[in-house]
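For reference, the structure discussed in these notes is given below.
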Amino acid sequence: MSETEAPAAPPRQAGIVLFGVPVRFHFTFLILVLFVVLGGLNDKKSAAQEALFLIGLFLSVLLHELAHALTGKAYGVRTIEIIMYPIGGVARLERQPEPRAELRIALAGPLVNIAIAGVILAVQGGPAAVAKLSDRPDSLLLRLAVWNLYLAAFNLVPALPMDGGRALRAFLAMRRGEAAATRIAANMGRVLAVIMGVYGLFHGEVIMALLALLIYMAASHESAASQGKMLTQGIPVRSAMITDFRTLPHGATLREAADLLLATSQQDFPVVNGAQVIGLLDRTSFLRGMAADGPESYVAGVMDRGFLKLDPAADLSEAVPALNEVGACGLVMEEDRLLGMLTVENVSEFLLLRKLGVEPKA
Ligand SMILES: [Zn+2]
């Protein structure tokens with residue numbers, strides 16, 4: 001379907017790896033399989049033919065996503081993974097590309113489908129084959145050509161999260177800035193979703209109604225992510241971090257951690273050995289430790305040693321996705337020195353104060 005920016009995710013179940021890009025299958029991919037098989041049964045086609053057709057369709061979608069990934073690579077944007085969904089598939093890019101690159105990355109996918117259809121039609125007899133397309137062709141290859149044209153057309157709809165929406169966003173971003181461009185393209189997605197949803201419900205098209213819901217959620221997610229990014233862009237982590245906080249010595253027990261948890265409003269505690277930070281005790285590991293080993297056990301046994309480290313000069317727009325990923329808090333460190341802590345709540349408070357006109361430090 002489209003390419004999307006995303007923070008690095010932990011590796012999930014194994015799939016295949018093509019050109020260095022992991023490919024996974026979303027369980028809803030089965031819906032597409034079911035849909036095509038049921039459609040084929042109605043038309044009394046053989047199961048073998050249906051299977052071949054499905055494989056062809058699957059390869060078309062995969063080539064579409066690989067086109068996004070490889071074009072991204074040409075612009076220096078890595079693809080974390082390709083996930084195959086029934087409505088196409090998603091190439092998750094490590095970050096949102098520059099508008100000029102995004103335009104090309106977005107269009108590369110649908111262009112591949114148009115090319116596949118073109119090649120099939122050329123091989124199948126050129127104009128004569130094109131003429132046959134309108135009356136539901138029986139030929140496997142011609143059906144594949146038709147579906148590739150469907151895929152291209154659907155993906156070129158100028159609304160987020162479709163490729164056409166990304167192309168539109170990139171095109172508008174060059175003229176009106178990224179925030180306005182994303183807002184417009186995401187609103188197009190919401191409008192499209194409402195129209196599709198209403199149509200689907202009134203005509204009993206369940207799959208279309210579900211698709212509409214997915215599009216609506218994805219469009220809303222895009223616009224929220226863009227707003228968050230806009231609000232936090234250009235602000236260093238140092239400005240928003242908590243500088244007044246308590247730490248726990250590495251020899252502390254969970255009982256001492258409990259006392260501190262009650263005495264302060266802090267939820268996460270850096271665990272230190274002298275000036276050196278050796279871990280982070282968050283609420284979840286605290287509770288887990290209490291339940292498993294009781295209050296006399298040591299914080300060093302349950303703390304997180306692989307905690308998130310943030311550079312004080314790093315941009316907040318990059319730190320926030322990382323915070324969301326770990327789900328708790330990050331420690332702001334310069335070399336080995338602990339300068340502060342950063343949590344999602346405290347970033348929200350910082351943004352609120354800023355909105356009220358309180359300027360950030362530094
Ligand atoms: Zn696409």
**Report entry** Conditions (1) free of Cβ contacts under 8 Å to residues at least 40 places away in the same chain; (2) assigned to a loop (DSSP other than H, G, I, E, B); (3) in contact with a helix residue (DSSP H, G or I) (Cβ under 6 Å, 6 or more places away or on another chain); number of the one not met by S285
**Finding:** (2)
Query - Residue, farthest from the ligand (Cβ to nearest atom), within the stretch 88-121, restricted to residues that are more than 16 Å from R166 (Cα to Cα) and of a type in the set (A, V, I, L, M) - result: L121
Query raised in the report: Does F245 satisfy the criteria of being at pLDDT 90 or above, of a type in the set (A, V, I, L, M, F, W, C) and touching a helix residue (DSSP H, G or I) at 6+ places or on another chain (Cβ under 7 Å)?
Result: no
Report summary line: From the option list R166, R176, single residue qualifying as surrounded by fewer than 19 Cβ atoms within 10 Å (Cβ to Cβ) and closer than 30 Å to E318 by Cβ is R176
Requested in this report: Among the helices (runs of 4 or more DSSP H) lying completely within the stretch 191-275, list those that include at least 2 residues that are surrounded by fewer than 15 Cβ atoms within 10 Å (Cβ to Cβ).
Outcome: 206-232, 254-263
Query raised in the report: Do we find that L70 is assigned to a helix (DSSP H, G or I) and away from the ligand (no atom under 11 Å from the Cβ) in this structure?
Result: yes
Report task. Look at M217 and say whether it is out of contact with any strand residue (DSSP E or B) (no Cβ under 8 Å at 6 or more places or on another chain) and at pLDDT 90 or above. Result -> yes
**Report entry** Y150 being more than 23 Å from the chain's Cα centre (by Cα), surrounded by fewer than 22 Cβ atoms within 10 Å (Cβ to Cβ) and within 16 Å of the ligand (Cβ to nearest atom)
**Finding:** yes
Query - Qualifying residue in the stretch 304-323 (condition: in contact with a helix residue (DSSP H, G or I) (Cβ under 9 Å, 6 or more places away or on another chain) and farther than 24 Å from K229 by Cα) - result: yes
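The values are calculated or read from the model by the stated rules, or taken from the named source; none is laboratory data. Values in this document were obtained by computation on a predicted structure and should not be read as measured data. Methodologically, a virtual Cβ is constructed for each residue, glycine included, from the backbone with ideal geometry; neighbour enumeration extends over all protein chains shown.
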